[in-house]
């Protein structure tokens with residue numbers, strides 16, 4: 001259960017709640033590796049790594065086994081741990097023996113492909129927020145965009161919601177009389193970004209699949225199936241085997 005950070009720091013015996021507030025505003029507190037300076041911020045001591053001056057204040061997490069699972073998400077699953085509409089969840093595809101996990105970033109309901117689930121908050125923050133970890137997608141669009149339109153996407157484009165995309169790597173894979181396939185590499189993760197990018201040039205996405213997360217890929221992993229990340233895959237990001 002999430003509680004205010006100053007309350008958690010005080011409960012850990014670090015200092016009083018009032019002094020804990022100053023530690024937060026002074027930038028001395030991190031949650032899952034991300035510095036938190038806003039009063040009122042909350043964290044779950046059973047799930048989040050909370051540090052004050054670099055020291056973990058909820059040491060029970062030190063003995064918890066970190067779990068890293070790669071899932072090939074099918075269309076029609078929600079990248080969430082709960083849903084008031086009772087839709088199918090990405091966590092339903094992972095064996096219960098792994099305990100409570102949460103998805104790293106999101107794939108929208110109608111998007112397929114690779115997504116990581118973990119209980120390691122620092123790892124999740126690193127993967128989802130780092131611009132040094134590109135995500136690669138295969139995209140099928142309705143129609144045949146001309147080269148000038150694709151070059152607009154490569155340079156960066158203003159979306160209908162006002163977001164300005166960063167330059168993207170785009171490679172044409174194949175085309176039929178009615179559709180074109182592209183490979184797109186992004187270093188950012190704006191909500192439904194690829195769909196909105198193609199909408200901005202007048203072409204709708206009819207199929208979208210993520211094929212790579214940084215160096216992690218698995219073309220042989222069937223849709224709807226999960227596997228644990230290897231020690232080598234984890235070590236590249238965490239330094240831990």
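The values are calculated or read from the model by the stated rules, or taken from the named source; none is laboratory data. Just so we're clear, the structure is a prediction, and the values are computed from it rather than from any experiment. Cβ: placed from backbone, ideal geometry, glycine included. Neighbour counts: every protein chain shown.
Worth pointing out:
- Residue match in segment 82-99 (condition: closer than 14 Å to residue 121 by Cβ, modelled with pLDDT of 90 or more, in contact with a strand residue (DSSP E or B) (Cβ under 8 Å, 6 or more places away or on another chain) and not assigned by TED's automatic domain parsing to the domain that holds residue 208): no
- For the criterion of being touching a strand residue (DSSP E or B) at 6+ places or on another chain (Cβ under 8 Å) and either surrounded by fewer than 17 Cβ atoms within 10 Å (Cβ to Cβ) or assigned to a strand (DSSP E or B) (or both), residue 75 passes.
Yes/no per residue for (1) in contact with a strand residue (DSSP E or B) (Cβ under 9 Å, 6 or more places away or on another chain); (2) farther than 26 Å from residue 44 by Cα:
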residue: 124; (1), (2): yes, no
residue: 132; (1), (2): no, yes
residue: 136; (1), (2): yes, yes
residue: 150; (1), (2): yes, yes
residue: 156; (1), (2): yes, yes
residue: 169; (1), (2): yes, yes
residue: 172; (1), (2): yes, yes
residue: 175; (1), (2): yes, yes
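- Test result for residue 105, in a loop (DSSP other than H, G, I, E, B), closer than 18 Å to residue 229 by Cβ, assigned by TED's automatic domain parsing to the domain that holds residue 76 and within 14 Å of the chain's Cα centre (by Cα): yes
- Single match in 36, 31 (criterion: outside the structural domain of residue 108 (by TED's automatic domain parsing), under 24 Å from the mean Cα position of the chain (by Cα), modelled with pLDDT of 90 or more and within 26 Å of residue 216 (Cα to Cα)): 31
- Residue in segment 116-127 that is at pLDDT 95 or above and under 28 Å from residue 93 (Cα atoms) present: yes
- Scope segment 176-188; condition over 30 Å from residue 233 (Cβ atoms) and either assigned by TED's automatic domain parsing to the domain that holds residue 116 or surrounded by 14 or more Cβ atoms within 10 Å (Cβ to Cβ) (or both); matching residues: 179, 180
- Single match in 133, 115, 90 (criterion: out of contact with any helix residue (DSSP H, G or I) (no Cβ under 9 Å at 6 or more places or on another chain) and under 20 Å from residue 70 (Cα atoms)): 90
- Qualifying residue in segment 25-45 (condition: touching a residue at least 24 places away in the same chain (Cβ under 8 Å), exposed (fewer than 14 other Cβ atoms within 10 Å of the Cβ) and outside any strand (DSSP E or B)): yes
- Considering segment 119-221, the qualifying strands (runs of 3 or more DSSP E), each wholly inside and each with 3 or more residues that are within 16 Å of the chain's Cα centre (by Cα), run over 135-142, 205-213.
- Qualifying positions in segment 95-118 - farther than 18 Å from residue 217 by Cβ and crowded, with 21+ Cβ neighbours inside 10 Å: 101
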